[in-house]
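Participant: To start, I am sharing the structure in question, which I have written as C-alpha cells.
The values are calculated or read from the model by the stated rules, or taken from the named source; none is laboratory data. Note that this is a predicted model, so its numbers are computed, not measured. Positions of Cβ are generated from backbone atoms using ideal geometry, with glycine treated the same way; all protein chains shown enter the neighbour counts.
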Amino acid sequence: MKIKDNLNISGELLMKSGSPDSRLEAEILLRHVLKIDRATMFSNLENVLDNKQENDIAELVQRRLANEPLSYITGTREFYSLDFQITSDVLIPRQETETLVDEVIKISKENPLKIVDVGTGSGAIAIALAVNLPLAKIIATDISVDALHVAESNTKMNDVFSRINFKQGNLLDVLDEKVDVIVSNPPYIPSNQIEHLQPEVKKEPHIALDGGSDGLEYIRQLIGNCSENLNDNGHIFIEIDPSQSEEVLEIADTHFPDAITAIIKDLSQDNRVLSIHLT
C-alpha cells in the first residue's frame with residue numbers, strides 16, 4: 001500500500017469515529033511509525049509501505065479509535081514551541097495553558113525572580129519558563145512521583161535539568177522558602193462532571209482533573225496558603241475554567257483584600273487565568 005492510500009484509509013476510519021482532525025491525526029500516526037517529518041511524508045506519497053509498517057500504523061489507529069489520546073500514543077506533545085515526552089501519568093499540556101507562561105514571562109523578563117510551578121505534571125510550564133527566563137530560579141512541585149519522573153526527563157530533553165528544583169508533595173506543603181511568583185494549573189473540574197468529559201480526556205489522570213465538589217477545592221487551598229510562601233509584591237497566576245471567574249475572584253479578594261486581582265483571557269478569548277498581584 002502506498003503512503004497516500006494509507007493516509008486516506010486511516011483518515012476515513014478516524015473521521016467515522018468522530019475525530020474532528022482525522023486527516024491530521026492519520027498523518028501524525030503514520031509519521032510516528034515511519035519516523036519522518038511532514039515534508040518528507042509529502043515528498044514520498046507514492047512510496048510503498050511494507051507489511052510491518054502497515055500493521056504498526058493500523059495498530060495505532062485502533063488505539064486512537066478506542067479513544068486513547070493521541071499524545072499518549074505518540075508519547076510526545078508540543079507546548080510553547082518545545083517538545084515534551086508525555087505518558088499516561090501526566091495531564092496532556094494544552095494550548096490555553098500557554099497563557100500562564102505568557103503572563104509570568106511578562107513580569108519576569110527583566111527580573112531574576114524565584115518561581116514555583118505547583119502541580120507541575122509533565123513539567124511543561126516550569127520548563128517553558130526556564131527556557132525563556134534564563135535568570136529565573138524555578139521550583140516545581142507535584143504530589144505524583146511518576147509525574148515528577150516524566151518532568152525530570154523533559155528537563156533533560158530541553159536542556160534545563162540543572163535549572164529546576166523538583167519537590168514531591170501536595171501543593172505548597174513542601175515549599176520551605178518564599179518565592180516571587182506562584183503559578184499553577186491545578187485540577188478544577190467538578191467531581192460530578194468527570195464522567196461527562198470526552199472519552200479521551202477521561203483517560204488522563206483523574207488526580208490532575210478532579211477539583212472536588214465544585215471544582216475549586218485545590219484553588220481554595222492554594223490561594224489560602226500562598227501568603228505564607230509569597231514575597232512582598234509577589235504574583236499568583238492560576239488557570240481556571242471560564243465559568244469559575246466570579247467565584248475565584250471572590251476567593252482571591254477574601255484572602256488578599258488589598259491585592260490587584262484580574263481575570264486574563266486566553267487566545268480564544270475565554271476567561272482562563274486568575275491573576276493576583278500583592279501590593
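Participant: Looking at region 143-159, which of the residues that are under 19 Å from Asp173 (Cα atoms) and not hydrophobic (A, V, I, L, M, F, W, C) is surrounded by the fewest Cβ atoms within 10 Å (Cβ to Cβ)?
Facilitator: Checking each candidate, the answer is Asp146.
Participant: Just checking, which of Phe237, Phe256 is buried (at least 17 other Cβ atoms within 10 Å of the Cβ) and touching a residue at least 60 places away in the same chain (Cβ under 8 Å)? Explain how you work it out, then say what you get.
Facilitator: Numbers: Phe256 fails: touching a residue at least 60 places away in the same chain (Cβ under 8 Å).
One residue alone meets the criteria, Phe237.
Participant: So which pairs qualify, if the first residue must be in region 199-211 and closer than 15 Å to Arg94 by Cα, the second must be outside any helix (DSSP H, G or I) and hydrophobic (A, V, I, L, M, F, W, C), the Cβ gap must be under 6 Å, and the two must be at least 6 apart or on different chains?
Facilitator: Between residues of region 199-211 that are closer than 15 Å to Arg94 by Cα and residues that are outside any helix (DSSP H, G or I) and hydrophobic (A, V, I, L, M, F, W, C), the close pairs are Glu204/Leu91; Ala208/Leu91; Leu209/Ile189.
Participant: Going by the structure shown, is Val33 surrounded by 18 or more Cβ atoms within 10 Å (Cβ to Cβ), in contact (Cβ under 8 Å) with a residue 24 or more places away in the chain and not assigned by TED's automatic domain parsing to the domain that holds Phe237? Step through it out loud before you land on a result.
Facilitator: Details: surrounded by 18 or more Cβ atoms within 10 Å (Cβ to Cβ): yes; in contact (Cβ under 8 Å) with a residue 24 or more places away in the chain: yes; not assigned by TED's automatic domain parsing to the domain that holds Phe237: yes.
Considered against the rule, which asks whether it is surrounded by 18 or more Cβ atoms within 10 Å (Cβ to Cβ), in contact (Cβ under 8 Å) with a residue 24 or more places away in the chain and not assigned by TED's automatic domain parsing to the domain that holds Phe237, Val33 comes out as yes.
Participant: Among the residues that make up region 149-156, is at least one of them aliphatic (A, V, I, L, M), assigned by TED's automatic domain parsing to the domain that holds Ser227, more than 16 Å from Asp89 (Cβ to Cβ) and modelled with pLDDT of 95 or more? Before you say what the answer is, go through the steps one by one.
Facilitator: Within region 149-156, the first condition is being aliphatic (A, V, I, L, M), and the residues that meet it are 150-151.
Among the residues that remain, those that are also assigned by TED's automatic domain parsing to the domain that holds Ser227 are: 150-151.
In the following step, the residues that additionally are more than 16 Å from Asp89 (Cβ to Cβ) were identified as none.
Checked region 149-156: no residue is aliphatic (A, V, I, L, M), assigned by TED's automatic domain parsing to the domain that holds Ser227, more than 16 Å from Asp89 (Cβ to Cβ) and modelled with pLDDT of 95 or more.
Participant: Assess whether Val150 counts as being of a type in the set (Val, Ile, Thr) and touching a Ser or Thr at 6+ places or on another chain (Cβ under 6 Å).
Facilitator: Details: of a type in the set (Val, Ile, Thr): yes; touching a Ser or Thr at 6+ places or on another chain (Cβ under 6 Å): yes.
It is true that Val150 is of a type in the set (Val, Ile, Thr) and touching a Ser or Thr at 6+ places or on another chain (Cβ under 6 Å).
Participant: Quick test of your reading of the structure: Lys203 fulfils all but one of (1) surrounded by fewer than 21 Cβ atoms within 10 Å (Cβ to Cβ); (2) of a type outside the set (Val, Ile, Thr); (3) modelled with pLDDT under 95; (4) under 23 Å from Ile127 (Cβ atoms). Name the failing condition by number.
Facilitator: (4) is the only condition that Lys203 fails.
Participant: Which residues, counting only those in region 132-152, are touching a strand residue (DSSP E or B) at 6+ places or on another chain (Cβ under 7 Å) and not β-branched (Val, Ile, Thr)?
Facilitator: Within region 132-152, Ala136, Lys137, Ala140, Asp142, Leu148, Ala151, Glu152 meet the criteria.
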